[in-house]
Structures are given as C-alpha cells and as structure tokens.
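The values are calculated or read from the model by the stated rules, or taken from the named source; none is laboratory data. Model, not experiment: these values are computed from the prediction. A quick note on method: Cβ atoms are made from the backbone with ideal geometry, for glycine too, and the neighbour counts reach across all protein chains shown.
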Amino acid sequence: MEKSTVFNNRLLPYLLLLPQLVITVVFFYWPASQAIWQSFLREDAFGLVSEFVGLENYQALFAQPEYYRSMLTTVIFSTLVAALSLSIALLFATQADKNLKAAPAYKTLMIWPYAVAPAVAGVLWFFMFQPSLGMLARPLRGMGLDWNPLLNENHAMMLVVMASVWKQISYNFLFFLAGLQSIPKSVIEASAIDGARPVRRFWTIIFPLLSPTTFFLLVVNVVYVFFDTFGIIDAVTGGGPAGATTTMVYKVYADGRLGGDLGGSAAQSVVLMVIVIALTAIQFRYVERKVQY
Amino acid sequence: MAFRQFGPAAAITAALAFATPAHAVTEIQWWHAMTGGNNDIVNKLAEEFNTSQSDYKVVPSYKGSYPDTMNAGIAAFRAGNAPHIMQVFEVGTATMMSATGAIKPVHQLMKDAGEPFDPKAYLPTITGYYSTSKGEMLSFPFNSSSMVMWINKDELKKAGVTEIPKTWPEVFDAAKKLKAAGHATCGFSNAWASWAHIEQFSAWHNVPIGTKANGLDGFDTELKFNSPLHVKHLQNLVDLQKDKTYDYGGRTSTNEARFGSGECAIFLTSSGYYATAKGTAKFDFTSAPMPYYPDVAGAPQNSIIGGASLWVMGGKKPEEYKGVAKFFTFLSDTNRQAKLHQESGYLPITKAAYEKSIKDGFYEKNPTLQTPLKELTNKEPTENSRGLRFGNMVQMRDLWSEEIEAALGGKKSAKEALDAAVSRGNAMLRTFEKTAK
C-alpha cells in the first residue's frame with residue numbers, strides 16, 4: 001500500500017513503462033505474430049500469389065528427415081558452443097582478475113572480438129582453415145592430418161564451433177570479470193587464512209557466488225547459439241558438407257532467403273521460437289533454483 | 001562490401017550530375033553482382049552510355065553475390081521500390097519467369113519503346129535459355145559463360161602427360177600421373193560441384209537432367225539424373241577421392257584459387273574464370289573442352305550456358321522503360337559486344353560480335369576464349385542440352401551438392417546419394433509448382 005502512494009498520478013507508471021513496452025511490441029510481438037501468420041500461408045518469392053494453407057507448411061516440415069537431422073545438429077552445436085564459450089571465458093576471466101601488470105591491455109584484447117560482425121568472423125575462420133591456402137590449415141596438413149572441412153563433417157563442425165565460440169568468449173568474459181570483481185575480497189581472504197587452496201577457494205566460494213552471472217550467461221548463450229550463429233555458418237560452411245552443419249536457424253535462413261520458401265521458413269522459425277521459449281522456461285524453473293543471489 | 005563500392009559509385013554519380021545539363025534526366029537503377037575487373041566493366045559501360053546521350057542516366061549499384069543481388073531485388077520489389085534492371089544468375093531464371101507482373105519481358109519492352117530489336121541477331125544457344133518456348137526473349141543476356149577444363153600446361157609436361165586429356169578415363173590417368181609427380185593433394189578438381197557433375201555432365205552426354213526438356217517445357221518436370229551413367233561417374237569420383245587423385249572443390253567458385261596457385265593442374269570451372277586466371281596464374285595455361293565418356297553414344301553433345309542476364313522489373317514509367325530499351329540497344333552494338341567479350345572472357349551475345357572476333361583473328365591469339373563457344377555450338381542442341389529451368393534452383397543446387405558431398409565423404413553410396421538428390425529435388429519442384437501458377 002505504501003508503494004502505490006509514491007505515484008500521485010495514475011498514468012505516470014504506465015507512461016514510464018511505455019518506451020519499453022513499445023520496443024517489445026514493435027521488435028518482438030509484431031514480427032513474431034507476422035511469422036506465425038506467414039507460417040499458415042504459401043507465397044511465391046515476390047509475394048504475388050498468397051494462399052492460406054492451414055498447417056500444410058508444418059506437415060511438410062515434419063515430414064522431412066533433414067529437419068530432424070538439423071535438430072540433432074543444433075543440439076550438438078549449441079551444447080559445444082555454450083559449454084566451451086562459457087568455460088573458456090571463465091578461465092580467462094579468473095586469470096585476468098589476478099593482479100597482473102598488463103591486465104588492462106589483456107582485458108581490452110579479450111573484448112575486441114565482440115565488435116566483429118558474425119559474417120566477418122566467419123570469413124576470417126574460413127580463410128585461416130581453407131584446406132589449400134589457409135595459414136592454419138597448411139601446417140595441419142603438413143603434420144599429416146588430412147584436414148578437409150569441405151568433405152569431413154567433423155572438421156566442418158569443429159570449424160563452425162570454433163568460430164562461434166571465439167565470437168562469444170568476449171561477451172562472456174566481460175560479464176564473468178564483472179561478476180568476479182563484485183565478489184568481496186574479504187570472503188576470499190578469510191578462506192585463504194583458513195587454509196583453503198586456490199582450487200578449493202574457486203569451487204566452494206567463487207563459483208557459487210558467481211552463479212547469478214553464470215545463469216544469466218547460460219540463458220544469453222543459448223539464445224545466441226540458437227539465433228545469432230547463422231551468419232557464421234553461412235560464411236564458413238554454407239551448412240555443408242552434406243548438411244552436417246545445417247542447424248535449425250541456418251535452415252530457416254537457407255529455406256527462406258536462398259529458397260524463397262517464406263511459408264516453410266516461417267513455420268520453422270515458429271517451431272524454433274517455441275523451443276527457445278521452452279528452454280528458457282526450463283532454465284528458470286530448474287537451474288535458477290541452484291543460483292545463490 | 002556495399003560501402004566499399006559506394007565511394008567510387010558516388011564519385012561517378014556526382015561527376016555526372018555536374019556534367020549533365022540542367023534538364024530532367026531519367027534515372028535508371030541497375031543492380032548487379034559483378035566484382036573485381038568485371039565491376040569496372042559495368043561502371044565503364046554505364047558511364048559510356050550516360051555520356052553518349054543526355055536523357056537517361058544509368059546508375060549501377062553492386063548488391064553482393066548473385067543470390068544476394070537477387071534477394072535484394074525481390075525484397076525491394078515487395079517493398080515497392082525495385083530497381084529497373086536487375087542482374088540475375090542463370091539458376092534464378094525459373095523464379096523470375098514465373099513472376100508474371102513482377103517483370104517486364106524484354107521482347108515486350110523493346111516493342112513498346114519502338115527500339116529496333118531482332119531476336120535472331122543473338123546467339124540462339126544463349127538466348128534460348130532466357131526465352132519462352134515460343135522464342136520470346138524474356139531477359140537480356142549480359143554475361144554468359146560455359147564450363148571448361150582449365151589446364152596447367154607446365155605441370156602436365158612435368159608429369160609426362162603429353163596430350164591434353166579429352167575423355168574422363170584420360171583425365172583420371174593424367175591425374176594419377178600428376179599425383180605421382182608431386183601433386184599429392186590434388187590430381188584434378190572442379191568448382192561448382194553440381195553444375196559440373198550433374199548439369200553440364202548431363203547435357204554434354206545428351207542424357208536428361210529432368211523430363212520436359214529439363215523443365216524448359218513446363219514446371220511439371222521430374223528429375224532423372226540418377227541414371228546408371230550418372231552413378232558410374234559419381235562412383236569414379238568417389239573412388240578417386242579416397243587418395244585425392246580427385247579432390248572435391250566445393251559448391252561455388254571459392255576454390256578456383258587452387259588452380260591459380262598451381263596446386264590443381266586440371267580444374268573444371270566457368271570460362272568466365274579467364275580474367276582471374278590471366279591475372280593470377282604464373283604458368284602457361286589453357287582451356288580445353290570438358291571431358292566425356294567415349295562409350296556413351298553421341299558424346300560429346302553441346303554444353304549449356306551459365307552466367308547471368310538482365311531482368312527488367314515491372315511497374316515502372318514508360319519513359320523509364322524507354323531508357324532501359326535504349327541501354328539494351330547500346331549494349332547490343334557489335335563493336336561494344338566484341339570488345340566486352342575480348343576483355344572479360346564472357347561470351348559474345350550477338351552473332352555479329354562473334355563473327356567480328358573471328359574476323360579480327362582474336363581466337364588465333366586467344367584460343368582459350370573460343371573453347372566455350374566451340375562447346376556450346378558443338379552440335380545442334382537436343383531436348384537434353386538446350387538448357388534447364390527448374391524452380392527453386394538456387395537451393396536445389398545446394399541440395400544436389402549436399403548429396404554429392406555425402407557420397408564423396410563416404411556416408412552414402414553413389415547410387416543412394418543420387419537417388420536422394422532426385423527425390424528431394426522432386427519434392428522441391430512440387431512445392432514450386434504450387435506457387436508458380
């Protein structure tokens with residue numbers, strides 16, 4: 001009751017909320033509802049013919065074995081990218097948190113890759129590992145390893161995972177570092193005095209106290225791998241070889257943009273949206289319980 | 001990328017804006033996908049046209065790769081501000097054709113504008129691709145090419161291959177010799193996987209890619225490229241891939257550099273690679289016709305074209321169309337066509353320009369540039385070699401390449417891969433048929 005008296009004007013709270021609501025409606029609800037509507041239509045690329053086909057796009061989608069395959073690929077890809085980018089970033093952040101001489105320079109260098117556009121990052125990695133010309137692929141081949149992401153599915157997957165992880169480490173690093181710096185030094189010092197070794201200090205004190213950051217990053221990273229990685233995949237492998245790196249979001253892009261099949265593509269993005277909403281809900285329901293605020 | 005192109009384009013636009021007198025100039029937007037030396041050619045053409053008269057101004061803009069340009073054009077059309085002229089690669093032809101209302105057919109455009117236009121003046125192997133079954137030209141061929149086999153003569157000599165291989169078995173032999181002579185990672189290779197081993201391969205051996213004359217006679221076509229001949233060829237590649245006598249070169253042209261660097265001494269790709277080869281290869285190179293299997297009756301037949309054509313978008317003003325028509329007449333000029341052909345390595349589109357190049361003795365000095373023309377005109381085209389027109393071809397090519405990759409990577413047998421490519425492709429064709437009414 002006390003809180004409501006702060007606002008004398010009844011409209012004021014709504015007015016203050018308005019900008020955020022407008023942004024959410026314009027950039028989320030509106031396009032999302034359009035995607036849902038479009039998933040019930042069959043259109044040609046130019047939008048000249050448009051026909052309501054009900055659930056036909058969804059039926060066609062779930063009849064494709066390639067779609068289930070892209071789901072499996074997505075699970076592998078997103079697990080690898082999220083796990084690697086989180087753990088490597090955490091390792092780097094704990095190192096940068098120490099009293100180093102060149103810490104500011106090191107931190108700046110770590111943050112840089114975040115400013116690189118996904119497609120540019122993709123092209124960069126593509127060239128470094130291009131089998132016959134790449135500066136990193138040549139030594140690999142020189143060592144007798146038959147490096148060939150054009151045909152070897154595992155090589156191609158490694159390449160897109162590396163590129164996506166590299167791109168995301170900076171972001172995670174930044175948040176982990178901030179998280180680490182907000183942990184009171186006194187707690188750590190107290191445990192040190194009690195005789196806890198660095199590894200034990202990390203797992204029993206730092207890691208639990210960092211859990212709100214870790215949880216936040218987990219959610220953000222899952223969204224990242226599900227939605228933002230198609231640019232990298234497009235530039236590095238184009239979904240190949242033989243569809244081995246075609247994740248769900250890349251398939252949305254390929255079918256809609258390259259294939260001109262907007263209805264099918266919209267149906268896929270609706271499915272993807274449902275999956276991500278479900279995943280986020282699960283994370284909040286079950287993982288968040290373990291978070292110590 | 002767009003920004004890099006923006007600078008020079010803006011400079012030219014500004015320079016022209018000051019140079020032209022102050023009466024109303026009709027602007028014609030031209031979206032294209034040409035990079036490097038070919039981008040300069042596009043800008044030069046527009047500049048020449050703009051200075052040759054004062055009523056119209058052609059403004060070229062680079063819009064990225066072929067698929068990017070096409071998608072940009074389609075998106076712009078949906079938003080109501082399409083360009084006047086859009087360069088679309090050959091595989092986008094069916095999509096453009098089926099978009100009645102979104103495009104203005106070229107034969108109609110020329111008639112409405114009262115420009116002199118004789119479809120017979122153009123090389124039929126090229127215009128056939130862009131015309132209806134009645135022979136009405138729908139788009140204006142701009143840069144046409146075909147697939148040829150590029151040969152590193154120095155390396156072949158070193159490996160003891162005295163004659164340029166003509167047939168596939170000869171290519172395989174030569175590749176084995178090359179491998180033995182130090183080309184451990186690549187005996188031979190190719191760019192554009194599906195263009196090489198499905199599309200051109202079928203036409204060159206006079207076997208169908210699909211029914212209905214490869215889709216030219218209707219969208220209710222069905223794919224047919226899982227024949228024993230196709231399976232045999234893919235199986236040969238699969239066997240040779242194991243020890244890299246053949247090494248897969250990807251779906252697009254990104255690995256053409258493996259020829260220029262000397263790694264692959266035999267390399268199948270577009271004849272349009274000429275300008276790049278000339279600039280990068282530090283060895284004696286030439287082009288030869290694509291190989292064939294000598295036990296196939298009638299092979300080699302004739303090759304089919306690749307490259308791109310200019311589509312005119314619908315819903316523009318009559319005076320703008322007049323400008324576009326004048327620009328096409330300008331492009332068809334014999335001297336200009338001959339020069340364009342000799343500089344870029346793309347094919348001449350008019351008969352007169354081809355004859356002029358022969359008369360000038362151009363091919364005696366540059367036999368490389370005649371190879372694709374010889375391939376295209378090798379025999380009178382048949383149902384199987386006139387061309388192809390499949391809906392969703394952009395994505396279909398990816399799908400076919402995926403299956404080729406599955407076979408080469410050992411995930412499927414050659415037969416399974418081609419069967420899957422055919423059945424998945426057919427499903428895609430049926431979806432397209434439903435939207436293209």
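The table for this structure:
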{"quantity": "Yes/no for B:Thr167 being in contact with a strand residue (DSSP E or B) (Cβ under 7 Å, 6 or more places away or on another chain), surrounded by fewer than 21 Cβ atoms within 10 Å (Cβ to Cβ) and of a type in the set (S, T, N, Q)", "calculated": "yes"}
{"quantity": "Cβ pairs under 8 Å, 6+ apart, first in the stretch A:62-74 and farther than 14 Å from A:Ile275 by Cβ, second of a type in the set (Ser, Thr, Tyr)", "calculated": "A:Glu66/A:Thr246; A:Arg69/A:Thr246"}
{"quantity": "Pairs with Cβ under 8 Å, 6+ apart, first in the stretch A:127-139 and facing chain B (nearest Cβ under 8 Å) and in contact (Cβ under 8 Å) with a residue 40 or more places away in the chain, second loosely packed, with under 15 Cβ neighbours inside 10 Å and of a type in the set (Gly, Ala, Ser)", "calculated": "none"}
{"quantity": "Residues that are in a loop (DSSP other than H, G, I, E, B), touching a residue at least 24 places away in the same chain (Cβ under 8 Å) and away from every other protein chain (no Cβ under 11 Å), drawn from the stretch A:140-159", "calculated": "none"}
{"quantity": "Options B:Ala174, B:Ala121: the member that is in contact with a strand residue (DSSP E or B) (Cβ under 8 Å, 6 or more places away or on another chain), among the small types (Gly, Ala, Ser) and more than 20 Å from B:Ala299 (Cβ to Cβ)", "calculated": "B:Ala121"}
{"quantity": "Residue ID - farthest from B:Gln395 (Cα to Cα), chosen from residues in the stretch B:84-132 that are within 14 Å of chain A (Cβ to nearest Cβ) and assigned to a loop (DSSP other than H, G, I, E, B)", "calculated": "B:Gly101"}
{"quantity": "Qualifying residue in the stretch A:213-223 (condition: surrounded by 22 or more Cβ atoms within 10 Å (Cβ to Cβ), within 14 Å of chain B (Cβ to nearest Cβ) and hydrophobic (A, V, I, L, M, F, W, C))", "calculated": "no"}
{"quantity": "Among the candidates B:Ala72, B:Ala79, B:Ala99, residue that is under 20 Å from the mean Cα position of the chain (by Cα) and without any contact (Cβ under 8 Å) to a residue 60 or more places away in the chain", "calculated": "B:Ala72"}
{"quantity": "Any hit, the stretch B:35-57, residues being of a type outside the set (S, T, N, Q), part of a loop (DSSP other than H, G, I, E, B) and surrounded by 15 or more Cβ atoms within 10 Å (Cβ to Cβ)", "calculated": "no"}
{"quantity": "Only listed residue being within 14 Å of another protein chain (Cβ to nearest Cβ), at negative phi and not charged (D, E, K, R), chosen from A:Tyr250, A:Tyr286", "calculated": "A:Tyr250"}
{"quantity": "Segments classed as helices (runs of 4 or more DSSP H), wholly inside the stretch B:179-250, with at least 3 members that are within 14 Å of chain A (Cβ to nearest Cβ) and out of contact with any His (no Cβ under 7 Å at 6 or more places or on another chain)", "calculated": "B:228-241"}
{"quantity": "Criterion violated by A:Phe52 - all others in (1) exposed (fewer than 14 other Cβ atoms within 10 Å of the Cβ); (2) away from chain B (no Cβ under 14 Å); (3) among the aromatic types (Phe, Trp, Tyr) satisfied", "calculated": "(2)"}
{"quantity": "Qualifying residue in the stretch B:283-292 (condition: modelled with pLDDT under 95, more than 30 Å from B:Val58 (Cβ to Cβ), polar (S, T, N, Q) and part of a loop (DSSP other than H, G, I, E, B))", "calculated": "no"}
{"quantity": "Condition met for A:Phe62 (within 14 Å of chain B (Cβ to nearest Cβ) and exposed (fewer than 14 other Cβ atoms within 10 Å of the Cβ))", "calculated": "yes"}
{"quantity": "Scope the stretch B:408-437; condition hydrophobic (A, V, I, L, M, F, W, C), in a helix (DSSP H, G or I) and within 7 Å of another protein chain (Cβ to nearest Cβ); matching residues", "calculated": "B:Leu408"}
{"quantity": "Among residues of the stretch B:365-407, those that are in contact with a helix residue (DSSP H, G or I) (Cβ under 9 Å, 6 or more places away or on another chain), of a type outside the set (A, V, I, L, M, F, W, C) and either assigned to a helix (DSSP H, G or I) or within 14 Å of chain A (Cβ to nearest Cβ) (or both), counted", "calculated": "14"}
